[in-house]
Amino acid sequence: MNDWMIYGANGYTGSLIAREAKRRGLTPILAGRNREACETLGAQLGLQVRVFACASSEEIAGNLAGVSLVLHCAGPFSATSRPMLEACLATKTNYLDITGEISVFENIHSQDARIREAGIVAIPGAGFDVVPTDGVAAMLKQKVPDAVKLALGFAGFTSISAGTAKTMIEGLGADGAIRRDGKIVSVPSAYKTRKIRFNKSERFAMTIPWGDVSTAFHSTGIPNIEVYMATSAGAARMAKASGLLKPLLASALAQSLLKKLAGKFISGPNEAERTTGRMSIWGEAVNAKGETLELRLSTPESYQLTVLTTLASVAKVLAGEVAPGAWTPSKAFGAEFVLSIDGVQLIEAISV
C-alpha cells in the first residue's frame with residue numbers, strides 16, 4: 001500500500017490518519033498545500049511528501065503520478081472536492097474523502113457514469129460522516145424493506161477540529177435540508193425537534209443538514225429522510241433564530257472572519273477525548289402501515305472512528321474489493337461494514 005496518498009495530511013484529521021497509518025507499517029504519500037507543515041510531518045513519520053494546492057485539476061493531476069488512490073481530507077470539500085475528483089478521473093486514481101456535505105455527495109454520485117468509465121472507485125464520506133449512520137440506514141432497510149420513512153441521529157460530540165468548524169461556518173448562511181418524496185428540499189434551521197433515546201439516555205435533538213440526507217437515499221431508496229443531532233432546547237431555539245441572520249452570516253466578510261477565528265482558536269479533541277469518548281448512533285425506519293424499527297450503535301469518538309473507517313476503506317479499495325463507480329460506504333462494503341470496525345457495538349434493534 002505504498003502508492004496511495006493522504007491529501008490534507010497536515011490538517012487535524014489527516015495527520016491523525018497519517019500517524020495511525022505509519023503505526024501500522026503503511027507508507028502513504030503525505031500531501032497538502034502547506035509546505036512547512038507537510039514536510040515537518042513527513043520528517044517525523046519518515047514518509048514521502050508532495051506539496052501542491054487543491055484548486056486546479058491540472059496541477060493536482062500532475063502530482064498524482066504513481067498514485068492509485070487518494071484519501072482526500074482537505075475541506076471545505078465544497079471548494080476542494082470537484083478539482084480533486086476531476087484530477088482523479090484524468091489520472092484513473094481511486095478517490096475517497098471524509099466529507100459530510102450534501103452538495104458534495106450529490107455531485108459525486110451524479111458523476112457515476114464518468115467514474116465507471118474511468119475504471120475508478122469513488123467513495124465520499126468514508127469517515128464518521130457517514131459510515132456509522134449509513135450502516136444503520138442500510139441495516140434498517142434490510143429489516144424493513146418496505147420502509148417509507150427513515151430518521152437517523154447521533155449524540156456524543158465533545159469538540160471539533162478547525163476544518164469541521166470552517167465547514168459548519170459555510171452552512172451558517174444556508175437552510176437546513178431533509179429528503180421528502182425522494183427529493184432534497186430546503187427547510188428552516190432546526191426544522192423539527194424530538195426526543196430520541198440514544199442508547200441508555202433520552203436526549204433532545206434537532207434536524208440538521210447532515211450528509212445522510214443524500215447518501216441514505218442512494219443506499220436505501222427510502223424516499224423520506226431526516227437526520228437529527230442531540231443538542232439542548234436552547235441551542236435549537238438559537239438555531240431557529242439564526243435564520244434571521246442568514247444574509248449577514250453568508251456574507252463574504254462574515255465568512256472570512258469566522259473562518260479565521262476558527263483556525264486560530266479551535267484545535268479539535270485532545271488525545272484523552274479521542275481515546276475515551278463514545279458516540280451514540282440511532283436510526284428509525286417506518287413503513288406505510290406505521291410499523292417501526294429502531295436500531296442503535298455505540299462507536300468510538302468521531303475523529304477516532306474516522307481514522308479507523310478510512311484506513312479500512314483504503315485497504316478494501318486497494319485490494320480490489322470494490323467495483324468501479326460512485327458508492328456510499330454501505331453499498332461499497334456492505335451494510336454491516338461499520339460493525340467490523342474496532343470498538344463499534346450494535347446495542348439493540350427494537351420494534352416499536
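The values are calculated or read from the model by the stated rules, or taken from the named source; none is laboratory data. No experiment lies behind these values; they were computed from the predicted model shown. Cβ: placed from backbone, ideal geometry, glycine included. Neighbour counts: every protein chain shown. All accessible areas refer to the heavy atoms of the entire protein, side chains included, with ligands and DNA or RNA removed. Shrake-Rupley method; radii C 1.70, N 1.55, O 1.52, S 1.80 Å.
Listed here are the residues, each with its yes/no results for (1) modelled with pLDDT under 95; (2) under 22 Å from Ile222 (Cβ atoms); (3) in contact with an Asp or Glu (Cβ under 7 Å, 6 or more places away or on another chain); (4) of a type in the set (Ser, Thr, Tyr).
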position: Leu261; (1), (2), (3), (4): yes, no, no, no
position: Asn270; (1), (2), (3), (4): yes, no, no, no
position: Glu284; (1), (2), (3), (4): no, yes, yes, no
position: Lys289; (1), (2), (3), (4): no, yes, no, no
position: Ser298; (1), (2), (3), (4): no, no, no, yes
position: Leu308; (1), (2), (3), (4): no, no, yes, no
position: Ser330; (1), (2), (3), (4): no, yes, yes, yes
position: Gly334; (1), (2), (3), (4): no, yes, no, no
position: Leu339; (1), (2), (3), (4): no, yes, no, no
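Here is the figure for the range 172-226: residues that are closer than 30 Å to Ala326 by Cα and assigned to a strand (DSSP E or B) total 15.
Looking across the range 198-220, the residues that are in contact (Cβ under 8 Å) with a residue 40 or more places away in the chain, under 22 Å from the mean Cα position of the chain (by Cα) and either open to solvent by 50 Å² or more (accessible area, probe 1.4 Å) or more than 26 Å from Gly334 (Cα to Cα) (or both) come down to Ala205, Pro209, His218. Filtered by the rule that a residue be under 11 Å from the mean Cα position of the chain (by Cα) and assigned to a strand (DSSP E or B), the range 75-131 gives Leu96, Asp97, Ile123, Gly127, Val130. Only residues that are of a type outside the set (S, T, N, Q), surrounded by fewer than 19 Cβ atoms within 10 Å (Cβ to Cβ) and out of contact with any Phe, Trp or Tyr (no Cβ under 8 Å at 6 or more places or on another chain) were counted in the range 221-234, giving 2. Taken as a whole, the structure places Arg33 among residues that are open to solvent by 20 Å² or more (accessible area, probe 1.4 Å) and under 23 Å from the mean Cα position of the chain (by Cα). In this structure, is Ile17 assigned to a strand (DSSP E or B), surrounded by 13 or more Cβ atoms within 10 Å (Cβ to Cβ), among the aliphatic types (A, V, I, L, M) and on the phi < 0 side of the Ramachandran plot? It is false that Ile17 is assigned to a strand (DSSP E or B), surrounded by 13 or more Cβ atoms within 10 Å (Cβ to Cβ), among the aliphatic types (A, V, I, L, M) and on the phi < 0 side of the Ramachandran plot.
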